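Undergrad: The structure follows.
The values are calculated or read from the model by the stated rules, or taken from the named source; none is laboratory data. What you see is a predicted model, and the numbers here were worked out from it, not measured in a lab. So basically every Cβ, Gly included, is an ideal-geometry build from the backbone, and we count neighbours across all protein chains shown. Just so you know, the surface numbers come from the protein's heavy atoms only, side chains and all, with ligands and any DNA or RNA stripped out. Shrake-Rupley method; radii C 1.70, N 1.55, O 1.52, S 1.80 Å.
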Amino acid sequence: MASCSQYILDYRFEGCNTSGKNRHSVAEDMSHENLIELEDGAVVAFEEYGDANGVPVMFCHGWPSSRTMAQLTDEPARELGIRIISADRPGISASSLQPDRKLTDWPRLVERIADHLGIHDFRMLAISGGAPYAYATATAMPQRVRAIAIVGGAPPLAEISDSNGLLPLYRWMLALYRTQPRLLRRLFYLARPVLSLRPPLRFRPLLLKMLLLRPCDAESLRDAAAFEAIFESQRRAWRASAEGVVADAQIYAQPWGFAIEDVRVPVRLWHGKEDRAFSVHLAEELANRLPNCHARFVDDAGHYSLPIRHMRDILKDLISF
């Protein structure tokens, strides 16, 4: 018997809802960077989106990515009265590198940000590689985390015996990490100059073809605001340092330090049936292990199109209880 109630939703959209006359550009929001100095002199950078007086939601960006990925939430969060707080993880963009950090170190930083802002309890929204960080925080701080929403979330890779449900690139990186970690690190450093570049607008259609995306994902990323939110946040991560991106990647390949069954807060799990990064079968297995979960497996949605097209529904659901 599954421990998670599963709802199959068939959403059909003609376009994507990220565009709009009132949308702030990524460049405008970058000027709102906030820095918190930690006890050891390091800093953590965060940015806010949505309604400054709204329901607080901590955002966990994907990988490789950075805090400005939360630009995807800005317009629907304003409409719904939600305050989005999005932080760069250590070593990413403007946050200081934390040597030898572990996934279980993250909740202390979230607590520091919440205390700095005078927020007692909050919800969390995690996209893709942000999922382990939301699970870790919910496990460590159940008295403050009211609920979490996981969108196309990464599963505990160290526990996966069959990697066929992963994107081929992820399978390749995971294999190299286990057999030739120094080579993988070197390749990351070699890739940084290219991945830090901003491609000219005229090359975007070619880039989308090269990525071999699902049709639903490619169509969603033709929206200029969505494209910028996704890819500019990635470039910011690479521009800061390859070391930060490497450190973030290593955490996914390591044991999380807690069992997924320890996540007792309500989980709203959203996953596209066309997701190539993490197959829907992996998401179903994870959902069945979560004690307090409602899962939505969405037709005609992939890894990118799910958060782009359905963000308003995701946020509305997250604050509904």
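Undergrad: Filter the stretch 280-302 down to residues that are out of contact with any His (no Cβ under 9 Å at 6 or more places or on another chain), outside any helix (DSSP H, G or I) and of a type outside the set (A, V, I, L, M, F, W, C), then give me how many there are.
TA: 6
Undergrad: Tally up the residues in the stretch 245-279 that are within 17 Å of the chain's Cα centre (by Cα), assigned to a helix (DSSP H, G or I) and over 15 Å from Leu167 (Cα atoms), please.
TA: Within the stretch 245-279, residues that are within 17 Å of the chain's Cα centre (by Cα), assigned to a helix (DSSP H, G or I) and over 15 Å from Leu167 (Cα atoms) number 6.
Undergrad: Just one of Ser241, Ser220 is surrounded by 20 or more Cβ atoms within 10 Å (Cβ to Cβ) and either modelled with pLDDT under 95 or closer than 22 Å to Thr73 by Cα (or both); which is it?
TA: Just one listed residue meets the conditions, Ser220.
Undergrad: Just the residues that are among the hydrophobic types (A, V, I, L, M, F, W, C) and open to solvent by 10 Å² or more (accessible area, probe 1.4 Å), please, taken from the stretch 88-105.
TA: Ala94, Leu97
Undergrad: Any idea how many residues of the stretch 77-86 are at negative phi and open to solvent by 10 Å² or more (accessible area, probe 1.4 Å)?
TA: 4
Undergrad: Which one is farthest from Ala259 (Cα to Cα), of the residues in the stretch 277-294 that are among the small types (Gly, Ala, Ser) and crowded, with 23+ Cβ neighbours inside 10 Å?
TA: Per the criteria, the residue is Ala283.
Undergrad: When you go through (1) among the acidic types (Asp, Glu); (2) over 18 Å from the mean Cα position of the chain (by Cα); (3) buried (at least 21 other Cβ atoms within 10 Å of the Cβ) one by one for Asp74, which number turns out not to apply?
TA: So Asp74 meets the others, but not (2).
Undergrad: Right, another one. So Val110 passes all but one of these: (1) at pLDDT 95 or above; (2) assigned to a loop (DSSP other than H, G, I, E, B). Which condition number does it fail?
TA: Unmet condition: (2).
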